[in-house]
Amino acid sequence: MRRLLSALGLGCLLALALALASSGHEPRRFADSEGYLFAARQPLGADFFASARPPFELGPEPAPEDGLYRNRPFLIPLLFKLCDGDPARIVAAQRLLYSLAAGGGIVLLSALGGGAPTVRRRLAHALGGALLLPLALAWYVAGWTGVLLSEATVLALIWLAAGGVAAFLAGGRRLALGVALAAAALLLAARDSAGLLVLPLFALAAAAALFTADCRRARALALALSALLPLFLLAQGTVARGQRALLPIANVLLVRVAPDPEALAWWVERGLPWSDRLEPFRGRFAFERDLELFRDPAHAPFLEFVERRGRGLLLRFLLGHPGFVARETWRGAADLFGTELATYVGPSPRTLAPLDRVVRALGAPGAALVLVLFAVALARRRPLAPADLAPFVLALAFLCHGLAAYHADAAEPERHCFPTAFGLQLAAAVAVTLAVARGGRRRTPPSPADAA
């Protein structure tokens, strides 16, 4: 109860701080925002939760009701519908949900030191909160609460899923795992790429518990993972039903694969109907040239191939071409690990600007350095506890998501991959908290051979 009250109190303070900082700011809208708003206006029914309407029924002019924007995972349109589609209400709801969830996540993550309360552990908990609170308020993260897109709700659920898994791994009660499981299930209904985060998160946590011989927690995490798998498959079924993977994979083929002759040849050998009529799209996005790719029937074979075989072949191609993956990842490192998102969230409010600059200056490189130092400090500690591996579970899960999201779509990579830097900084804050809480733990005694 004490932690629940702490989370609620912290969440209310976060909501107040964001409300004051955002005062006078208009909700930010993009093309995808209009798609979510259009979806929210549709009647509740089977199609609302898993649309089967063809995604590229295009009118004379691009419009929100065109399929480029129409088919969405249902959770965000449902939230927008509950707010009557009013942008101000949506932003207020996003801000409140994010603040309460971030408050809960901070309370869970800052208490990972565990054990009986001591001066050192109390200091560690306070330090954890002091590190995580600025991250929650950093504008490249919190600024999404003022944008009519899915990111604010996704971030709220990430705070709870990551905090719950890490807390349970560190010895927390089953309630923490239940919170994480509920948040992960909602994430699968909020964003198509969410499974690329939640499945590695639970799988890595189960592996960490097993590695440290905590079989009871490993079994519980494995059961949670098995409960998420059917939801993940159901979510992927709605992706296929709504043909939502067509545009992202077409972007990858045109922007990244087509300019590379060897890569393009691999796809052509497997049936990709590349022709001279597609040459103007080489290196360009599929939605450019006034949506010609979707308006001209001559390009129908290309789109049909992408829809029918694109996802499976893209996975095979990426797994079989590590050089291509490494090169494209290097080229996109600024997007994959970046924190420059003012295009979407706008400039940081004056009251939060100093804090935002510090958090962004540390960024992913600073977080990586902290994790390396923590790993060095753990190298000679025995026995390892599951909590000791929690920072690495978080970091690897966010890296898995970032890499998968980056290579699954060539458009807006900085938006699709932005949780990567956030996740690494989250993991680094947890590592510092654990380092302080467990600083006095006995190191492995030297073996007789070492002593000799």
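The numbers here are math on the coordinates, done by the rules we state, and not lab data. Nothing here was measured: the structure is a model prediction, and the numbers come from that model. A quick note on method: Cβ atoms are made from the backbone with ideal geometry, for glycine too, and the neighbour counts reach across all protein chains shown.
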Task: Segment ALA334-LEU13, length gained on full extension (0.36 nm per residue, minus Cα span) - done: 112.3 nm
Task: Label-to-label distance, nm, for residues given as LEU210 and GLU269 (7 Å Cα→Cβ offset) - done: 3.5 nm
- [ ] Would you mind checking the radius of gyration and Dmax of the range 135-289 based on alpha-carbon positions, in Å?
- [x] 20.2, 61
Task: Distance between modelled label sites at LEU355 and ASP47, nm, 7 Å Cα→Cβ extension - done: 4.5 nm
Open item on the list: Need the C-alpha centroid separation for the range 403-441 versus the range 372-390, integer Å.
Closed with: 18 Å
- [ ] Please report the base-10 log of the normalised intensity I(q)/I(0) for the range 90-208, using a Debye sum with one equal scatterer per alpha carbon and no solvent, at each q in 0.13, 0.16, 0.18 (1/Å).
- [x] -0.51, -0.76, -0.94
Open item on the list: Only helices at least 24 Å long along their own axis, judged from Cα atoms, and with Kyte-Doolittle mean hydropathy of 0.5 or greater: name those in the chain from DSSP H.
Closed with: 2-21, 87-110, 119-137, 151-169, 215-241, 353-378, 390-408, 419-437
Open item on the list: Using 0.36 nm times the number of residues separating ARG284 and ARG380, minus their current alpha carbon distance, what extension gain do you get?
Closed with: 29.4 nm
Task: Compactness of the chain, expressed as Rg and Dmax over alpha-carbon positions, Å - done: 23.0, 83
Task: For VAL147, distant residues with modelled amide H under 5 Å away - done: ARG28
Task: Dipole moment magnitude, nearest 20 debye, the chain about Cα centre, only Lys, Arg, Asp, Glu C-beta charged - done: 2460 debye
- [ ] Based on the mean of other Cβ atoms within 10 Å per residue, sort peptides 21-32, 268-279, 361-372 so the most packed one is first.
- [x] 361-372, 21-32, 268-279
Task: Separation in nanometres of the label points that stand 7 Å from Cα toward Cβ, at ALA411 and LEU319 - done: 2.8 nm
Task: Translational D in µm²/s for the range 180-237 (Stokes-Einstein at 20 °C, 1.002 mPa s, Kirkwood Rh from C-alpha pairs) - done: 188 µm²/s
